[in-house]
1. Would you check if G216 is closer than 21 Å to S514 by Cβ and not in a strand (DSSP E or B)?
2. Tell me which of these K419 doesn't satisfy, since it passes every other one: (1) open to solvent by less than 30 Å² (accessible area, probe 1.4 Å); (2) in contact with a Phe, Trp or Tyr (Cβ under 6 Å, 6 or more places away or on another chain); (3) of a type outside the set (D, E).
3. Does region 444-467 include one or more residues that are among the aliphatic types (A, V, I, L, M) and open to solvent by less than 10 Å² (accessible area, probe 1.4 Å)?
4. Condition first: within 30 Å of K79 (Cβ to Cβ) and not aromatic (F, W, Y). Can you find one or more residues in region 423-430 that meet it?
5. Can you confirm whether region 249-262 contains a residue that is part of a strand (DSSP E or B), open to solvent by less than 30 Å² (accessible area, probe 1.4 Å) and closer than 30 Å to G114 by Cα?
6. Which condition does D438 not pass, out of (1) closer than 30 Å to G216 by Cα; (2) free of Cβ contacts under 8 Å to residues at least 40 places away in the same chain; (3) acidic (D, E), if it passes all the others?
7. Report yes if L103 is at pLDDT below 95 and closer than 23 Å to G192 by Cα, otherwise no.
8. Going through region 314-328 one residue at a time, which ones are out of contact with any strand residue (DSSP E or B) (no Cβ under 9 Å at 6 or more places or on another chain) and of a type in the set (D, E, K, R)?
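The values are calculated or read from the model by the stated rules, or taken from the named source; none is laboratory data. Everything quoted here is computed from the prediction, not taken from an experiment. Every residue, glycine among them, receives a Cβ derived from its backbone with ideal geometry; neighbour counts consider all protein chains shown. Please note that ligands, DNA and RNA were not included when accessible areas were found on the heavy atoms of the full protein model with its side chains. Shrake-Rupley method; radii C 1.70, N 1.55, O 1.52, S 1.80 Å.
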Amino acid sequence: MKIRTKGMLLGIFAALAIALAGCGAGTRKAGASGEAGASDSIVCYVGHGFWDGSLDPIKGGFPYGYGFVNNGLVQVNCKSEYEGSLARSWEVSEDSLVYTFQLREGVKFQDGSGFTAEDVAFTYKTVMENQGQNGEVDLSKVEKVEALGEYSVQFTLKEPFSPFLDCTAQLGIVPSKGYDSVSFDKMPIGTGPWKVVQYDAEQQLIVEANEEYFEGAPGIKRVTFVDMDNEAAFSNAKSGQLDVVMVQPSYAAESVEGMHLEEMETIDVRNISLPCRKPGIFTNAEGEEVEVGNAVTSDVVVRKALSIGIDREEVIKNAFHGVGKPAKGWANNLIWGEPMEYEDSKAEEAKELLEGNGWVDTDGDGIREKDGVKCAFEVYTPSDEQDRYLLAAAVAEHVKGLGISIEVKQTTWDEIVTKAYTQGVVWGFGQFSPMAIDNQFRSQHFTVQPYSNPSGYGNALVDGLIEKAISANNQESAIGAWKEAQEAYAQDYPYLYLVNIEHCYFVSDRLDISADTQIPHPHGHGIPIICNMKDWKLK
């Protein structure tokens with residue numbers, strides 16, 4: 001079947017964990033390596049994502065973005081459609097095993113070398129040979145990749161893998177002749193609109209416009225990204241040292257002279273994992289014994305009572321000044337099926353459900369108990385993300401009326417991952433690839449890595465539907481299976497979904513961040529804002 005370069009509804013395959021927003025400039029003072037008062041450069045704080053590892057696409061660099069330094073074959077536009085990036089068109093065989101891409105001609109890398117199919121083949125083959133280095137793009141289903149000519153490349157899969165286009169959107173292409181696995185850690189070379197000119201780890205990243213970019217050079221010529229903590233960034237913005245600053249929703253009520261607040265629509269969902277297994281010891285694939293389970297949250301009645309008994313809008317109001325939208329699941333804003341039915345604010349029904357299943361406050365302390373077990377558990381949040389703490393605290397206060405006690409604790413991620421299998425954790429999830437469902441709800445991922453299936457959820461029906469979706473050889477079947485999987489696990493309440501957050505940024509009044517080219521932000525720690533930076537304009 002043929003797939004048009006533009007106009008195809010993204011369906012489940014909306015690629016990439018990314019979206020976009022902007023910076024500011026003008027007469028505000030520039031900081032770091034930016035030039036004070038410069039009319040063509042800006043300084044931004046967009047979180048810590050740049051400093052987490054290598055910038056090399058081969059090694060998983062820029063996992064939350066596309067079209068920045070290294071373009072992929074395809075990308076997603078603001079209408080949730082696939083469109084070509086380095087590929088101008090592509091075809092998929094009837095059995096969905098062969099993908100053939102026709103490439104743009106005349107494109108150059110930032111080192112001046114020409115882009116061809118050999119560069120695509122080299123990039124994919126290198127990732128396939130070093131798959132352990134790139135945890136962002138799964139190419140395990142690819143049997144081979146071949147350059148059919150100077151501007152045509154073909155992928156043959158071992159078996160149908162419906163999210164493959166997500167991989168082609170996420171993986172940036174590197175030059176086959178200029179690639180260096182050491183220098184690309186800090187100074188990658190690509191075909192994108194921006195080229196790296198300076199990278200000081202955990203300090204700053206400076207990029208300049210690629211004047212030879214095939215879609216036209218960006219209007220802003222120099223961007224400096226600085227690294228600091230959230231409070232320092234906000235303070236620097238107020239003193240005029242930053243043109244754009246990412247802030248937590250709790251800052252939405254603040255004001256900064258010369259800047260305005262941009263609240264970006266997202267598919268970034270904050271939720272609390274609720275361990276579904278009874279307390280015990282689980283032996284993982286490596287033969288290690290892991291303590292798992294929780295005596296309270298393992299009861300699906302408690303999990304359902306939490307979900308239907310809280311008032312999400314009230315929680316959002318108390319935690320985030322009302323910034324964000326109530327969430328029942330990832331499908332609220334996603335496209336792998338229709339939005340899931342929304343249900344909450346049923347406190348009396350939740351109480352009756354608990355009472356009817358033996359959770360009763362017999363000693364009058366306000367906390368229910370059953371078989372000698374108090375209806376109480378802990379919820380952990382990272383100490384460097386105050387908004388997650390505020391959200392958990394708002395929930396804890398809210399559920400007191402249901403007779404449930406939640407103790408909120410702040411700590412490091414190192415400790416959180418040791419607690420995730422036995423206590424609740426406030427997580428941020430949300431990406432366009434449907435493989436997020438596989439990662440969080442397929443039973444085989446439990447204890448494989450700390451951030452996969454922390455609830456310990458297991459359901460043979462859901463496992464089968466996920467496998468059906470992944471192996472589907474057409475979009476209609478895949479979408480149907482993903483939707484069925486969501487409907488099935490929703491009945492078990494493995495997560496307490498709370499809010500589709502809105503990513504908040506203070507942006508200079510002199511900057512146009514080109515809202516018409518943005519798409520809903522996935523979970524991206526601030527990085528999504530830069531992906532349409534080539535479209536930003538100084539007013």
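1. So G216 fits the description; yes.
2. Against the list (1) open to solvent by less than 30 Å² (accessible area, probe 1.4 Å); (2) in contact with a Phe, Trp or Tyr (Cβ under 6 Å, 6 or more places away or on another chain); (3) of a type outside the set (D, E), K419 comes up short only on (1).
3. Yes, that holds for at least one residue.
4. Looking for residues that are within 30 Å of K79 (Cβ to Cβ) and not aromatic (F, W, Y), one finds at least one in region 423-430, hence yes.
5. There is no residue in region 249-262 that is part of a strand (DSSP E or B), open to solvent by less than 30 Å² (accessible area, probe 1.4 Å) and closer than 30 Å to G114 by Cα.
6. (1)
7. Values: at pLDDT below 95: no; closer than 23 Å to G192 by Cα: yes.
Here the answer is no, as L103 does not meet what is asked.
8. The initial filter retains those residues of region 314-328 that are out of contact with any strand residue (DSSP E or B) (no Cβ under 9 Å at 6 or more places or on another chain), namely 314, 317-318, 321-322.
Of everything in region 314-328, those that are out of contact with any strand residue (DSSP E or B) (no Cβ under 9 Å at 6 or more places or on another chain) and of a type in the set (D, E, K, R) turn out to be E314, K317.
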